[in-house]
Amino acid sequence: RLQEKRERLSVCSKLCYAVGGAPYQITGCALGFFLQIYFLDVVQLDPFYASIILFVGRAWDAITDPMVGFFISKTSWTRFGRLMPWIIISTPFAVISYFLIWFVPDISRGQVMWYLIFYCIFQTLVTCFHVPYSALTMFISREQSERDSATAYRMTVEVLGTVLGTAIQGQIVGKVITPCIESHFFIGKTNSSVAMEELNMTHDTVSLTDTRNAYMIAAGVIGGLYILCAVILTVGVREKRESSQLRSDEPVSFFQGLKLVMNHGAYIKLIAGFLFTSLAFMLLEGNFALFCTYTLGFRNEFQNILLVIMLSATLTIPFWQWFLTRFGKKTAVYVGISSAIPFLIMVAVLGSNLIVTYTVAVAAGISVAAAFLLPWSMLPDVVDDFKLQHPDSQGHEAIFFSFYVFFTKFTSGVSLGISTLSLDFAGYQTRGCSQPSEVNFTLKMLVSAVPVGLILLGLLLFKLYPIDEEKRRKNKKALQDLR
């Protein structure tokens, strides 16, 4: 009891820790929901080049996670800790590179390289923030209940971060209507980019300056929040070296640790299940703005629909925290994530109905909350299970967290690249006020049929995950004895 009391975290410490999760979610949400439509309709990149930037950027982002995990495992402890220096140093450079992603350079050539370079730089720097922050879960307390409680605080703030990202980006950008071109200008044109060139020669088009300025203003506000959250995290949280140490700790090399981690069955089964469910929600996120704008016809409403989804998710995080403690984490996975399936089908089948769309947005937010909370709540259980099987191994927390993020990011990069290429093949028309029926059908598949299939596959894989509530309690007792 005395040990548990010493390991107990104050509400202030949990809040400061939770605030550190907001920067990744605020920027990730803004990029996830708006970057594709920004490239296509504001920067006016060809969909093929936009798909290259999205794929390479996300693939590079995935590669940087294990790289950063490797370097963290080699980092020596300082008076600030082993993880905090990474967070402190990366923050200012990440904010600068994030702003430059939303800046349209006045150059006729080289725009693709501009966005590719700064997108990759930002993804590297935000990884230097988020991987050590994720691993910090194991260094704030040795008590599972305290880590789970802190994770619930973190998930609530992270979903609130997605609300802020959606609200800031959506409301600032949504106040400026992006100029579009009526589809009859494209009739008889086999290539939409050729049609754009001819149209610019014969018709006066509305300037995009206001829209571009709105994106930069939103980037500036989000960058300021990023810095503020990083300051609160570093000031309010103490990294405890002893929280992850066992009596018999001996250093093991990174590659030996990586081999041990990848041979741990519970970890592989967990990330396999979340790989597909996370991919479903990422695919939905990346194409939802285009789906609302063109397929449903809610050009001036999509930012509000996105906001409703994130508000619903934020408000239901405490419910899912109660649910998983009452009924178990595996049950929460099945109930929470599968609840999105009927509503994803409904929005595609019923078509353009604003009331139905808002209803679906509320229901989708409930499922998004479960998808946010559960991976990060279950990963520490896997780490504890690993420690019991390998008590002589230490310092591999960053490997567990970074490779989970690696797999989800890499597959999401592939999916986003393929989805943007699919729109190109379907005949997507840059800055068009409407799109061909083939594009609308493709968008329906990308936000309904494909995510539903991925969710079902992920839930099937979760049947193999071995750590239930009884196993978790036994691991907790065994770890206490080992310490």
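Shape index of the chain: Rg/Rh, with Rg the Cα radius of gyration and Rh the Kirkwood radius from the inverse mean 1/r over Cα pairs, equals 0.98. Does anyone have the angle between helix 469-482 and the longest principal axis of the chain? Alpha-carbon axes, 0 to 90°, nearest 10? Taking Cα atoms only, the helix is inclined about 50 degrees.
What is the diffusion coefficient of the stretch 253-482 in µm²/s, taking the Kirkwood radius over Cα pairs and the Stokes-Einstein relation at 10 °C with a viscosity of 1.306 mPa s? Translational diffusion coefficient: 83 µm²/s. Phi angles of the stretch 129-142 translate, via the Karplus equation with coefficients 6.51, -1.76, 1.60 and θ = phi - 60°, into HN-Hα couplings of 8, 7, 5, x, 5, 5, 5, 4, 3, 7, 10, 9, 6, 8 Hz per residue; Gly and Pro are given as x. Heavy-atom accessible surface of LYS476, to the nearest 10 Å², is about 60 Å², with a 1.4 Å probe and all protein chains retained. Peptides 410-420, 316-326 ranked from most to least packed, by the mean per-residue count of other Cβ atoms within 10 Å: 410-420, 316-326. Suppose a student asked you for the relative contact order of the chain, using Cα pairs under 8 Å spaced at least 6 residues apart; what percent would you report? Relative CO of the chain lands at 29 percent. For the residue pairs LYS330/LYS476; LYS175/LYS409; LYS74/LYS259; LYS387/LYS474; LYS269/LYS463, alpha carbon separations beyond 20 Å are given by LYS175/LYS409. Each peptide among 25-35, 145-155 gets the average number of other Cβ atoms lying within 10 Å of its residues, and from highest to lowest they stand as 25-35, 145-155.
Against the main long axis of the alpha-carbon atoms of the chain, helix 341-350 sits at an angle near 10°.
Rounded to the nearest 10 degrees, the inclination of helix 144-174 to the longest alpha-carbon principal axis of the chain is 10 degrees.
Spin-label model, ILE217 to GLN256: label points 7 Å out along the Cα-to-beta-carbon direction sit 5.8 nm apart. One Cα centroid belongs to the stretch 259-318, the other to the stretch 7-49; the line between them spans 12 Å. Tell me, what % of the accessible area of the stretch 339-483 is carbon and sulfur with a 1.4 angstrom probe? That fraction is 69 percent.
Between LEU354 and LEU464, the modelled label-to-label distance comes to 4.7 nm, taking each label 7 Å out from Cα in the direction of the beta carbon.
Dipole size of the stretch 253-482 about its Cα centre, with +1 on Lys/Arg Cβ and -1 on Asp/Glu Cβ: approximately 340 debye, rounded to the nearest 20.
Multiplying the residue separation of GLN44 and THR331 by 0.36 nm and removing their Cα-Cα distance gives an extension gain of 98.8 nm. Ordering PRO132, LEU31, ILE117 by Cα displacement along the dipole of the chain toward the positive end leaves PRO132 in first place; charges were set at the Cβ atoms of Lys, Arg (+1) and Asp, Glu (-1).
Excluding residues on the same chain fewer than 8 positions from LYS444, give the lysines whose Cα lies under 21 Å from its Cα. By straight Cα distance, LYS444 reaches no lysines at all. When the charge dipole of the stretch 253-482 is built from unit charges on Cβ atoms (+1 for Lys and Arg, -1 for Asp and Glu) and taken about the Cα centre, the candidate among LEU374, ASN300, MET445 whose Cα reaches farthest toward its positive end is LEU374. With 0.36 nm allotted per residue and the present C-alpha distance subtracted, the ASN263-GLN389 stretch has 44.2 nm of extension available. For the pair VAL362 and VAL56 in one chain, pulling the backbone fully straight at 0.36 nm per residue adds 106.9 nm over the alpha carbon distance.
The values are calculated or read from the model by the stated rules, or taken from the named source; none is laboratory data. Model, not experiment: these values are computed from the prediction. All Cβ positions, even for glycine, are placed from backbone atoms using ideal geometry, and neighbour counts span all protein chains on display. When the accessible area is computed, the model is the full protein with side chains, heavy atoms only, and any ligands, DNA or RNA have been set aside. Shrake-Rupley method; radii C 1.70, N 1.55, O 1.52, S 1.80 Å.
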